[in-house]
1. LEU9 - would you say it is aliphatic (A, V, I, L, M), out of contact with any strand residue (DSSP E or B) (no Cβ under 6 Å at 6 or more places or on another chain) and at pLDDT 95 or above?
2. Kindly list, by first and then second residue, each pair from a residue in region 40-62 that is assigned to a strand (DSSP E or B) to a residue that is loosely packed, with under 14 Cβ neighbours inside 10 Å and among the small types (Gly, Ala, Ser), limited to pairs with Cβ atoms under 7 Å and residues at least 6 apart or on different chains.
3. Report yes if PHE42 is within 13 Å of the chain's Cα centre (by Cα) and exposed (fewer than 11 other Cβ atoms within 10 Å of the Cβ), otherwise no.
4. Quick check, is ILE18 surrounded by 11 or more Cβ atoms within 10 Å (Cβ to Cβ) and either of a type in the set (Asp, Glu) or in contact (Cβ under 8 Å) with a residue 24 or more places away in the chain (or both)?
5. Of all residues in region 27-57, which are among the hydroxyl-bearing types (Ser, Thr, Tyr) and under 12 Å from ILE10 (Cβ atoms)?
6. Mind listing whichever residues of region 49-74 are surrounded by 12 or more Cβ atoms within 10 Å (Cβ to Cβ) and closer than 20 Å to ASP4 by Cβ?
Amino acid sequence: MTTDLRQELIDVQDLALIMRRSPEAIHVARNRSPHTLPPGAFKIGRKVFWRRSTVEAWFVDEEKRQNSPVRSRR
């Protein structure tokens, strides 16, 4: 893989560091609760990757959701 492409991709170990979880927890979440991870995971060979831009955008969206006021139901 070229250096430029490697910088654009995040693997399971990198995502685990970013999310402060273990790589094993990321693998389990991919199978049991993929909605808790950034979308768009793909495989190259046996390794799983995400595009850095997708992960960054997902974290921005998650932060907005957590900071938005909760609507009350009437």
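The values are calculated or read from the model by the stated rules, or taken from the named source; none is laboratory data. All figures in this text were calculated on a predicted structure; none of them were measured in a lab. With ideal geometry, Cβ positions are generated from the backbone for all residues, glycine too; neighbour counts draw on all protein chains shown.
1. On the way: aliphatic (A, V, I, L, M): yes; out of contact with any strand residue (DSSP E or B) (no Cβ under 6 Å at 6 or more places or on another chain): no; at pLDDT 95 or above: yes.
The answer is no for LEU9.
2. Pairs that qualify, where the first residue is assigned to a strand (DSSP E or B) and the partner is loosely packed, with under 14 Cβ neighbours inside 10 Å and among the small types (Gly, Ala, Ser), are TRP50/GLY40; ARG51/GLY40.
3. On the way: within 13 Å of the chain's Cα centre (by Cα): yes; exposed (fewer than 11 other Cβ atoms within 10 Å of the Cβ): yes.
So PHE42 fits the description; yes.
4. Values: surrounded by 11 or more Cβ atoms within 10 Å (Cβ to Cβ): yes; either of a type in the set (Asp, Glu) or in contact (Cβ under 8 Å) with a residue 24 or more places away in the chain (or both): yes.
In short, yes.
5. SER53, THR54, listed by residue number.
6. Those that are surrounded by 12 or more Cβ atoms within 10 Å (Cβ to Cβ) and closer than 20 Å to ASP4 by Cβ: PHE49, TRP50, ARG51, ARG52, THR54, VAL55, GLU56, ALA57.
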